[in-house]
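Peer 1: Dropping a structure here in structure tokens format, bear with me for questions.
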Amino acid sequence: MSACSDFERLLLERASDTLTPEQSARLEKHLAICAGCAAEARALVETVALAKLPPLTPKERISLQGMPLSALAAWHRAERRNRLFRRAGLGIAAAAAVALVSVLPTLKRNVPTKNSAVQVEDPTLAALESWGAEDPIADSLADSILGGDVLDE
Amino acid sequence: MPFDAKAEQSVDSRLRRALRLVEMVAEPELDDDELCRAFLAGDESAFGDLVRRHQVRVYSVVRRYAPDSEDARDLTQRSFLRAFQAARRALSRFGPTHSIPFQAWLFRIAVNLGKNHARQERRWKRAPIVDVELSGPPQTSALDALVWAEASKLVRKAVLKLPRRQREVFTLRVDAELSFGEVGSALGMSENSAKVHFHYAVKRLRLVLAERGDKEEES
């Protein structure tokens, strides 16, 4: 025998102990005459009861009594650790800043500027241009003519 | 003059009530928000008051996930520390007038820590609590007690296998005995949603029990 669908929600609310007095009175009246709903109501309440954990043992209760003090001690330990980390972080940041300041002028000197790049590149470009303009055959001919030791026409 | 015990009792109870009233007026109980602010402002006794107020319920929630009582205690303590840290961060980020829903944060943190603990330790398959025989109502016989213990073990395992939201709502309602409004605010959902999740959870657990009954009948 199954529960009436109209009362399904109320049965669940009864199991979760959230019925208003009016709802409870209405449901109990129904449960008195409906065996299906009564069985379902019992089963739902039993399901929640079965899922419950046992009450705390005396040992657990005693162990919890010291919780405020031990938690406070743990809080202070964590605070000290955080302060230490913050100081260490600040120290590392300061050291990094000092190192950067000392290295920066050297770096600045070595970093090629836009003008110096042109200066470096200029001779190279000029050399390339002059190489491109060279005529090796004409040159060798001129050498031979001027030297007069190879071609003897 | 004859001794009138009833009148004496009445005077005694009136006196006790008056004393309670005086105590209440003298030291009005601070709420969580006020206690948390007091602690962060340097009042260490407020820390103890707040921990004492919630420790049993937080412990009750996390011990479902942590089979070992020492682990459960550790998780409870960590929940408090994280909740205080969260409150301090909130106050420093949003200003001192920002509200601190300490209880909601505390239980949300406790559920998350418990769940992570269970996942990390892969202890889902272990029965979380050993004293199974203590959990049920008084049994009429040893056989009844055994049947109850078996069923209880099955249902508790099933609780840990519930979908996340249903499990969270169920444990906060049953273990911490929070109202559905409090459950909703801890998990960031409406009171009605919390009720719906709870109902689905109970239905699912009921199904597990019914299936077990069917199997037993078959065998």
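Peer 1: Can you work out which of the residues in region B:107-155 that are at pLDDT 80 or above and of a type in the set (S, T, N, Q) is least open to solvent (accessible area, probe 1.4 Å)?
Peer 2: B:Ser152
Peer 1: Counting just the residues of region B:156-171 that are open to solvent by 10 Å² or more (accessible area, probe 1.4 Å) and among the hydrophobic types (A, V, I, L, M, F, W, C), which one comes out nearest to the other protein chains (Cβ to nearest Cβ)?
Peer 2: Here the residue is B:Ala158.
Peer 1: Okay, moving on. Would you check if there is a residue in region B:100-109 being closer than 19 Å to B:Arg173 by Cβ, more than 10 Å from chain A (Cβ to nearest Cβ) and out of contact with any helix residue (DSSP H, G or I) (no Cβ under 6 Å at 6 or more places or on another chain)? Break it down stepwise before answering.
Peer 2: Step one: list which residues in region B:100-109 are closer than 19 Å to B:Arg173 by Cβ, which gives B:101, B:103-109.
Within this subset, residues satisfying the condition of being more than 10 Å from chain A (Cβ to nearest Cβ) are B:101, B:103-109.
Keeping just the survivors that are out of contact with any helix residue (DSSP H, G or I) (no Cβ under 6 Å at 6 or more places or on another chain) gives B:101.
Within region B:100-109, one or more residues are closer than 19 Å to B:Arg173 by Cβ, more than 10 Å from chain A (Cβ to nearest Cβ) and out of contact with any helix residue (DSSP H, G or I) (no Cβ under 6 Å at 6 or more places or on another chain).
Peer 1: Taking the condition of being surrounded by fewer than 24 Cβ atoms within 10 Å (Cβ to Cβ) and in a helix (DSSP H, G or I), how many residues in region B:172-196 meet it?
Peer 2: Number of matching residues: 12.
Peer 1: Do we have any residue at all in region B:60-74 that's surrounded by fewer than 16 Cβ atoms within 10 Å (Cβ to Cβ), more than 8 Å from chain A (Cβ to nearest Cβ) and either at pLDDT 95 or above or within 20 Å of B:Ser185 (Cβ to Cβ) (or both)?
Peer 2: So far as region B:60-74 goes, no, none of its residues is surrounded by fewer than 16 Cβ atoms within 10 Å (Cβ to Cβ), more than 8 Å from chain A (Cβ to nearest Cβ) and either at pLDDT 95 or above or within 20 Å of B:Ser185 (Cβ to Cβ) (or both).
Peer 1: I'd like the full set of residues that are of a type in the set (A, V, I, L, M, F, W, C) and not in a helix (DSSP H, G or I), limited to region B:38-75. Please lay out each step first, then the result.
Peer 2: Going through region B:38-75, the residues of a type in the set (A, V, I, L, M, F, W, C) turn out to be B:38-41, B:46-47, B:50-51, B:56, B:58, B:61-62, B:66, B:72, B:75.
Listed by number, the residues that qualify are B:Ala41, B:Ala66.
Peer 1: Of all residues in region A:44-61 being within 41 Å of the chain's Cα centre (by Cα) and among the aliphatic types (A, V, I, L, M), which is farthest from B:Asp144 (Cα to Cα)?
Peer 2: My answer is A:Leu56.
Peer 1: Return the total of residues in region B:161-188 being within 20 Å of B:Glu121 (Cα to Cα) and more than 16 Å from the chain's Cα centre (by Cα).
Peer 2: 4
Peer 1: Now a separate question. State all residues of region B:171-204 that are under 25 Å from B:Leu154 (Cβ atoms) and aromatic (Phe, Trp, Tyr); if no residue qualifies, say none.
Peer 2: Of everything in region B:171-204, those that are under 25 Å from B:Leu154 (Cβ atoms) and aromatic (Phe, Trp, Tyr) turn out to be B:Phe198, B:Tyr200.
Peer 1: Could you please tell me which pairs satisfy a Cβ distance under 7 Å, a separation of 6+ or placement on different chains, a first residue in region B:37-63 that is closer than 28 Å to B:Arg173 by Cβ, and a second residue that is open to solvent by 50 Å² or more (accessible area, probe 1.4 Å)?
Peer 2: B:Arg57/B:Glu177
The values are calculated or read from the model by the stated rules, or taken from the named source; none is laboratory data. Here the structure is a predicted model, which means the values were calculated and not measured. Here Cβ is always computed from backbone atoms with ideal geometry, including for glycine, and neighbour counts include all displayed protein chains. The area values use the complete protein model at the heavy-atom level, side chains included, leaving out ligands, DNA and RNA. Shrake-Rupley method; radii C 1.70, N 1.55, O 1.52, S 1.80 Å.
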